[in-house]
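The values are calculated or read from the model by the stated rules, or taken from the named source; none is laboratory data. Quick caveat, the model's predicted, so the values are computed rather than measured. Note that each Cβ is placed from the backbone with ideal geometry, even for glycine, and that neighbours are counted across all protein chains shown. Remember, those area values only see protein heavy atoms, side chains included, never the ligands or the DNA or RNA. Shrake-Rupley method; radii C 1.70, N 1.55, O 1.52, S 1.80 Å.
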Amino acid sequence: MEQIAYGMIGGGPGAFIGDVHRKAIRIDGLAQLKAGCFSRDAAKSKAFGAELGIEADRLYTDYQQMAKAEAKRSDGIRFAVCVTPNASHYEICKAFLSEGIHVVCDKPLTWTIEQSQELSDICRKKGLLFAVTYTYTGYPAVKQMRKMVKDGMLGTIRFVNAEYPQDWLANPVDEHSSIAPWRMDPKVSGISNCLGDIGSHIENMVATVTGLKIKRVCARLDSLVEGRTLDDNASVMVEYENGAKGLYWSSQIAFGYDNALRIRVFGEKGGLEWAQEDPDHFYFTPKDSPKQKWSRGRDQFAPEAQQYSRVPSGHPEGLFEAFANIYKPFVLALAKHLKGEKLSSADLDFPSVEMGLDGVVFINKCVESSKAGSVWVNV
């Protein structure tokens with residue numbers, strides 16, 4: 001198919017995540033970067049865009065100008081990728097959606113439930129596609145586990161345990177640090193740091209694999225490094241609508257852990273376990289049977305999971321491929337949409353704006369619970 005034009009907001013010089021998005025999109029060759037506003041510093045933005053090979057007249061000084069100009073072009077971008085700090089997500093996404101341009105945005109979607117609901121409403125009214133980059137749901141092993149739960153191989157889910165420890169904020173971070181200091185600034189990061197940043201991945205991962213809906217939460221958000229106003233450690237008890245229980249822990253002060261997202265799901269007929277740092281494998285333990293180690297590329301995955309696997313077993317797939325597995329179905333669905341073709345649920349195999357809204361509700365309700373003394377709060 002012909003490559004679809006896209007633009008990027010943020011992700012300029014020195015920005016790790018912007019580079020990850022651009023490389024992931026290139027993996028399948030389905031879309032091409034044609035426009036951008038990469039920095040609030042116009043000179044830096046234009047110089048960076050020129051390095052990426054973007055034409056000068058499509059390098060913009062601000063995102064409002066970019067949205068309006070690209071919407072008017074016959075060859076304008078079809079979707080915009082927002083990779084800016086949390087505080088600006090809402091205004092940027094709204095600007096492009098208002099011009100009829102589809103959107104992909106980093107998580108968390110926004111700060112407030114009302115803002116996320118508004119973005120969801122705009123998408124529904126205008127018939128626009130919107131993906132939220134909950135990266136780790138892109139792994140084939142995760143999609144296979146989702147299929148196994150959906151097929152009833154675990155029976156009714158009873159308990160979920162998920163954790164996401166890191167240690168990169170275990171020491172104080174000042175404004176001169178190479179580590180993003182904005183994450184500890186409420187004016188930029190929002191109402192939560194640790195829970196909003198990595199705890200939101202837990203919420204979405206559990207929802208993706210199990211399909212469970214959260215009924216209520218009881219949370220404690222800790223600021224353990226002296227001088228911080230935002231959380232760097234979070235513990236959450238969860239009750240789901242089907243009666244199952246859950247326990248989530250996210251931390252950025254856990255020495256010895258790099259990016260250790262892990263999920264364990266226990267049902268009446270078996271259990272599943274997967275760790276992000278070994279993403280090609282997961283464990284399935286059927287009732288009254290030994291634990292089984294499943295391997296991407298080796299064991300037979302369902303077609304809806306196998307289609308996202310690119311290389312044979314023993315050749316690890318990682319972060320870039322997981323990102324690419326969010327962009328691949330999004331761009332393919334967009335291509336069908338632009339042709340006027342009806343989209344099926346199978347086409348929409350990426351984290352949606354509604355999932356982004358669910359994540360924002362989760363964050364806000366956990367903050368509410370913690371501030372009230374770790375009481376149970378309905379979701």
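What Cys residues in the chain have no fellow cysteine's beta-carbon under 4.7 angstrom?
By the Cβ distance rule, which asks for a partner under 4.7 Å, the isolated cysteines are 37, 93, 123, 194, 218, 366.
Going toward the positive end of the dipole of the chain, with +1 on Lys and Arg Cβ and -1 on Asp and Glu Cβ, which of 324, 12, 352 do you reach last?
The residue sitting farthest along the positive end of the dipole is 352.
In the full protein assembly as shown, how much of residue 19 is accessible to a 1.4 Å probe, in Å² to the nearest 10?
Using a 1.4 Å probe on the heavy atoms, I get roughly 60 Å².
For the stretch 205-312, run through the chymotrypsin sites (Phe, Trp or Tyr not before Pro) and keep only the ones in DSSP coil with at most 12 other Cβ atoms within 10 Å of their Cβ. Mind dumping the intermediate values first?
Details: sites: 240, 248, 249, 255, 257, 266, 274, 282, 283, 284, 294, 301, 308; in loops: 255, 257, 301, 308.
Of the chymotrypsin sites (Phe, Trp or Tyr not before Pro), the ones in loops of the stretch 205-312 whose Cβ has at most 12 other Cβ atoms within 10 Å are 255.
Using a/c under 1.5 as the rounded threshold, could you call the stretch 1-84 rounded, prolate or oblate? The axes a ≥ b ≥ c are square roots of the C-alpha gyration tensor eigenvalues, and prolate needs a/b larger than b/c, oblate otherwise. Numbers along the way, then the final one.
Values: a/c = 1.70, a/b = 1.08, b/c = 1.58.
Verdict is oblate for the stretch 1-84.
Which chymotrypsin sites (Phe, Trp or Tyr not before Pro) from the stretch 1-96 combine a DSSP loop assignment with at most 11 other Cβ atoms within 10 Å? Could the numbers behind the result be given before it?
Numbers: sites: 6, 16, 38, 48, 60, 63, 79, 90, 96; in loops: 38, 60.
In loop regions of the stretch 1-96 (DSSP not H, G, I, E or B), there are no sparsely surrounded chymotrypsin sites (Phe, Trp or Tyr not before Pro).
Scan the chain and report its longest stretch carrying no GluC sites (Glu not before Pro) that are both in a DSSP loop and have at most 10 other Cβ atoms within 10 Å.
Numbers: sites that count: 2, 55, 175, 226, 268.
Maximal segment without exposed cleavage sites: 56-174.
What number results when the radius of gyration of the chain, computed over Cα atoms, is divided by 2.2 N^0.38 Å? Let's see the in-between values first.
Numbers: Rg = 20.5 Å, N = 379, 2.2 N^0.38 = 21.0 Å.
After normalising by residue count via 2.2 N^0.38 Å, the value is 0.98.
Length gain on complete extension for the stretch residue 260 to residue 158, per 0.36 nm per residue less the alpha carbon to alpha carbon distance?
The span from residue 260 to residue 158 would gain 34.4 nm if fully extended.
Kirkwood Rh over Cα pairs of the stretch 283-379 into Stokes-Einstein at 20 °C, 1.002 mPa s: D in µm²/s? Don't skip to the end; give the middle numbers.
On the way: Rh = 17.3 Å.
Here the translational diffusion coefficient equals 124 µm²/s.
Enter the mean projected area of the convex hull around the alpha-carbon atoms of the stretch 80-230, in nm², rounded to one decimal.
Numbers: hull surface 44.2 nm².
Quarter of the Cα hull surface area: 11.1 nm².
Check cross-link reach from residue 328 to the aspartates and glutamates: straight Cα distance under 20 Å, and skip same-chain residues fewer than eight apart.
2, 19, 28, 106, 280, 304, 317, 341, 347, 349, 354
Can you tell me the accessible area per residue over the stretch 77-177, all protein chains present, probe 1.4 angstrom, in square angstrom? Please report the intermediate quantities before stating the final value.
Numbers: 3660 Å² over 101 residues.
The answer is 36 Å² per residue.
Past the 26 Å Cα-Cα mark, which pairs from 126/187; 44/125; 143/245?
Numbers: 126/187 31 Å; 44/125 36 Å; 143/245 22 Å.
Where the Cα-Cα span goes over 26 Å, the pairs concerned are 126/187; 44/125.
Take residue 126, project a point 7 Å from its Cα along the Cβ direction, then tell me which residues of the stretch 26-66 have their backbone nitrogen under 14 Å from it.
Flagged as within label range: 64-66.
Per DSSP H run of n ≥ 4, the term is -39500 (n - 2.57); total these for the chain, divide by its residue number, and report the mean residue ellipticity at 222 nm rounded to 500 deg cm²/dmol. Show your work: numbers first, answer last.
Details: 11 runs with 125 residues, N = 379.
Calculated from helices alone, the mean residue ellipticity at 222 nm is -10000 deg cm²/dmol.
Mind checking the full-extension length gain between residue 71 and residue 375? Use 0.36 nm per residue of separation minus the Cα-Cα distance, one decimal, nm.
On the way: separation 304, 0.36 × 304 = 109.44 nm, distance 4.70 nm.
Stretched out fully, the residue 71 to residue 375 stretch lengthens by 104.7 nm.
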